[in-house]
Amino acid sequence: MGVGNDQRQSAFFADEADLGGGADGPFAGVVFNRPMDQVYTYRIPEKFLQAVTPGQRVRVPLGRGNQPAVGYCVRVDELAPEGLDTKRLKDLIEVLDDPPLIDAGMLELTRWMAGYYACSWGQALDAVVPAGVKKQAGMRMGTYLTVSDEGRQALDTQNLPPKQAEALGILTRSDEPLTIADLCRMANCAQSLIGTLRQKGYVRSIKRRVRTKVDDDPAPTSDAEAAKARPALTGEQEAVMARLTPALDGDDFATFLVHGVTGSGKTEVYLSAIERVVARGREAIVLVPEISLTPQTIRRFRRRFAKVAVLHSHLSDAERHRHWRSIAAGEVQVVVGARSAVFAPARRLGLIVIDEEHESTFKQETVPRYHARDVAVKRAQLERVPILLGSATPAMETWRNAELGRYVHLPMTQRVGSRPMPGVELIDLRHERLPLGGLSEPLRQAMKTALSEEGQVILLLNRRGFHTFVICPNPRCNQVLKCDSCDVALTYHKNRRVLICHTCDAEKQRPPTCPHCQAANLHYGGIGTERLEREVETAFPEYVSRRMDSDTMRTPGSHEQVLSAFRSGEIKILLGTQMIAKGLDFPNVTLVGVVNADTALHMPDFRAAERTFQLVAQVAGRTGRGDKPGRVLVQTFAPEHHAIAFAAKHDYEGFVQTELPYRREMGMPPYGRLMRLIARGPDEPAVRVYFEQLADALRTAAPPGVTIQGPAPAPVTKIRNLFRYHLRMRCDSPRPLQILWQNVAPTMPPPGEIELAIDVDPVNLL
Ligand code: ADP
Ligand code: ZN
């Protein structure tokens, strides 16, 4: 036993004497990635006394059968929690991580998440650590030598035989872990010499994981443009920076809403703000929607900072693990990534930036169902750093927080270089013929003009496939063809000649007749991106067009490839789903056409108008970004709808002033908080009965101010053969909902085959 251990022991016994005995700790509190609320207490066996710290994963026996399970150690206490019979506590079996994966700040953040998002602490912790880190991907287990304290002492004070001293010296100084073979080679000695050192207790063998040698490190960026001076800030950018600077130089939490129209230079503000914190040795985390993790964005960050880690979804486990380690080791200045990058283990955090904060992809739709923006604000608060939320079209929740003074509103109303906002014209589809499918005559004419003037065109249609529905022509049947396992209409994909369910991805051959009434000549209708592509190719054969949607962008890199061909001007017409609506900055785009602005407008979702407004405003922002003015044509059946009318005028505040009163009237966010419960199971009546009972229990227990809406079948009533019901709890503030659910949940566990999901601040209501 080492010296350190002995000291620890005696100190411990002294403590125990002071306490009058009784405890035989210390004890580890452990949580699991399961829906179990408690922190379980384990005894720490002597051999681990020094090894166990909060934030490590440990292996412990769990349940009646004492099955070994992996959990997260969240605390180490000298005393067991009150009321526990310490005699009956089980021993911890193994410590899995050294050093700990999770630091104290992240422990606190995940504990908050568990409380707020109604999941267990272990579930929240498990979301924080990427799979590659848990698996130690790219690492291998080996036996390595270390110098003991005695060895170090001997080296300093004793006159050891030169060969032994040399070997010990090499081992002491080595940064890398060394195996016996390594050391023999480096010290040019025989294995028996190491044996002697071992016998004397000067060196010991330990098993540990080390990184396998890989050459996949990207070379340090030496972008030719790196040398290019940063642009002088515009007046508005200067004004925003002046407001931010005290916070960037300070040590306090503050939330800023950088509310700038598309092209106003928000990204430049983020870069300047990050420079400021990096200059004082701090690190920044930048969250962007996955869709914006384009080479273009990444280049902008790499050009300005030497050490940038980009966490995108195509990383291998080993790469992810390597990034995690280097971030935790302080080797990274800026982390850029999608949702889960909010948990990047930056230890000297100085700033968090959320770009396009209104994007719904920041919400995770599996447990823990967290919203990365809100988690980021919490993290910033816990770590006392500023956070910037950037958007041209802030979420209503964010806007409201700014109105209430919780967030500092920093407007940017002008485009860089005084470029005008593009003119938006609405095309009323109630009065226009669509001769070929999707493009009205005015839109075709506009395309023709833009293309003949050497401009480029973006066409947005937020629907994949060729025909978006297939319907029986028999008036007495008239059924829409649906997926066999979902309550969802099938989409016809002509390229692959199959019907596809966009919910479960099931594929089906085209039936010759209606499956319900056997009528012949099924009618194919609706227009998706595949059909639009065909139409564009027919109408503009002399210009290269390309479709960008999740069908054509399956392979990693295809996104980049198309975008760079568009940038170079090789592609003239880019058409696709919302993938093309966001964040792109191509100066030569002079026309944007929205083929159907109404696709999201009639969804059974209180945010339908907001989503529509955002999408139209964002895609309109893709034009007029260069020297040529831009033009936007929006085809719609609802030109008077406030979502579309205000988007056409680039009038965010006009939209907000019309939208918010509806929300207030309905008690919907941002005026109320929602907790949505979804139950699903194979037997519809069982699901319904369970939810009726649950709703009764909730109503009985609900304090004043909490209302229970439902239960009702969910808008999509069946997915993968599971029937779905939902109910909503609403209140003006989140706390009563959390308490109500904490009280009722244990009394109403879902029976056998029913799964229950709890969604706090739900984004998806289908
Ligand atoms: P946003 O993020 O608000 O849409 P960007 O930061 O992408 O705006 O800026 C729009 C365009 O203006 C980009 O091409 C960017 O390089 C350029 N830009 C931004 N700030 C400046 C500046 N101060 N001087 C010159 N060009 C700028
Ligand atoms: Zn399906």
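The numbered conditions (1) assigned to a loop (DSSP other than H, G, I, E, B); (2) closer than 17 Å to residue 673 by Cβ are all true for residue 749 except (2). Could you tell me whether residue 680 is within 16 Å of ligand 2 (Cβ to nearest atom) and either among the polar types (S, T, N, Q) or not in a helix (DSSP H, G or I) (or both)? For residue 680, the condition - within 16 Å of ligand 2 (Cβ to nearest atom) and either among the polar types (S, T, N, Q) or not in a helix (DSSP H, G or I) (or both) - is met. Each residue in segment 613-638 was checked for being charged (D, E, K, R) and in a strand (DSSP E or B), and 1 pass. In summary, residue 243 fulfils each of the numbered conditions (1) touching a residue at least 40 places away in the same chain (Cβ under 8 Å); (2) within 30 Å of residue 102 (Cα to Cα); (3) more than 12 Å from ligand 1 (Cβ to nearest atom) with the single exception of condition (2). Filtering 519, 506 for residues that are outside the structural domain of residue 454 (by TED's automatic domain parsing), small (Gly, Ala, Ser), under 26 Å from residue 482 (Cα atoms) and within 16 Å of ligand 2 (Cβ to nearest atom) leaves a single hit, 506.
Criterion first (more than 16 Å from ligand 1 (Cβ to nearest atom), more than 30 Å from residue 444 (Cα to Cα) and in contact with a Pro (Cβ under 7 Å, 6 or more places away or on another chain)) does residue 521 satisfy it? Against the criterion (more than 16 Å from ligand 1 (Cβ to nearest atom), more than 30 Å from residue 444 (Cα to Cα) and in contact with a Pro (Cβ under 7 Å, 6 or more places away or on another chain)), residue 521 qualifies. Please tell me if residue 390 is assigned to a strand (DSSP E or B) and either at pLDDT below 95 or away from ligand 2 (no atom under 16 Å from the Cβ) (or both). Criteria met by residue 390.
All but one of (1) in contact (Cβ under 8 Å) with a residue 24 or more places away in the chain; (2) over 17 Å from residue 349 (Cα atoms) hold for residue 238, so report the exception by its number. Evaluating residue 238 over (1) in contact (Cβ under 8 Å) with a residue 24 or more places away in the chain; (2) over 17 Å from residue 349 (Cα atoms) leaves (1) as the failure.
Being closer than 25 Å to residue 578 by Cβ and in contact (Cβ under 8 Å) with a residue 40 or more places away in the chain holds for only one residue in 383, 356, and it is 356. Among the residues of segment 321-342, write down those that are touching a Leu at 6+ places or on another chain (Cβ under 8 Å) and crowded, with 23+ Cβ neighbours inside 10 Å. Within segment 321-342, 323, 335, 336, 337, 339, 341, 342 qualify.
Here is a yes/no grid of residues against (1) crowded, with 20+ Cβ neighbours inside 10 Å; (2) over 21 Å from residue 536 (Cβ atoms):
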site	(1), (2)
596	yes, no
610	yes, yes
624	yes, yes
627	no, yes
630	yes, no
633	yes, no
636	yes, no
644	yes, yes
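In segment 40-71, the qualifying residues are those that are touching a Leu at 6+ places or on another chain (Cβ under 8 Å) and small (Gly, Ala, Ser), and the one that is farthest from residue 129 (Cα to Cα) is 69. Are any residues in segment 537-564 of a type in the set (Ser, Thr, Tyr) and without any contact (Cβ under 8 Å) to a residue 40 or more places away in the chain, and if so, which ones? Selection gives 545, 552, 555, 558. For segment 396-434, a residue qualifies if it is of a type in the set (Asp, Glu) and outside the structural domain of residue 596 (by TED's automatic domain parsing), and the qualifying residues are 397, 403. I'd like to know if segment 647-666 contains one or more residues that are outside any helix (DSSP H, G or I), surrounded by 21 or more Cβ atoms within 10 Å (Cβ to Cβ) and either among the basic types (Lys, Arg) or not assigned by TED's automatic domain parsing to the domain that holds residue 586 (or both). No, segment 647-666 contains no residue that is outside any helix (DSSP H, G or I), surrounded by 21 or more Cβ atoms within 10 Å (Cβ to Cβ) and either among the basic types (Lys, Arg) or not assigned by TED's automatic domain parsing to the domain that holds residue 586 (or both). Quick check on residue 513: is it surrounded by 17 or more Cβ atoms within 10 Å (Cβ to Cβ), away from ligand 1 (no atom under 16 Å from the Cβ), assigned to a loop (DSSP other than H, G, I, E, B) and among the β-branched types (Val, Ile, Thr)? Taking the combined requirement at face value, the residue does not satisfy it.
Sort out which residues of segment 36-90 are assigned to a strand (DSSP E or B) and either free of Cβ contacts under 8 Å to residues at least 24 places away in the same chain or not assigned by TED's automatic domain parsing to the domain that holds residue 127 (or both), and write them in order of number. Of everything in segment 36-90, just one residue is assigned to a strand (DSSP E or B) and either free of Cβ contacts under 8 Å to residues at least 24 places away in the same chain or not assigned by TED's automatic domain parsing to the domain that holds residue 127 (or both), namely 67.
The values are calculated or read from the model by the stated rules, or taken from the named source; none is laboratory data. Small disclaimer: the values here were computed from a predicted structure and weren't measured. Heads up, the Cβs are rebuilt from the backbone with ideal geometry, glycines too, and the neighbour counts pull from every protein chain shown.
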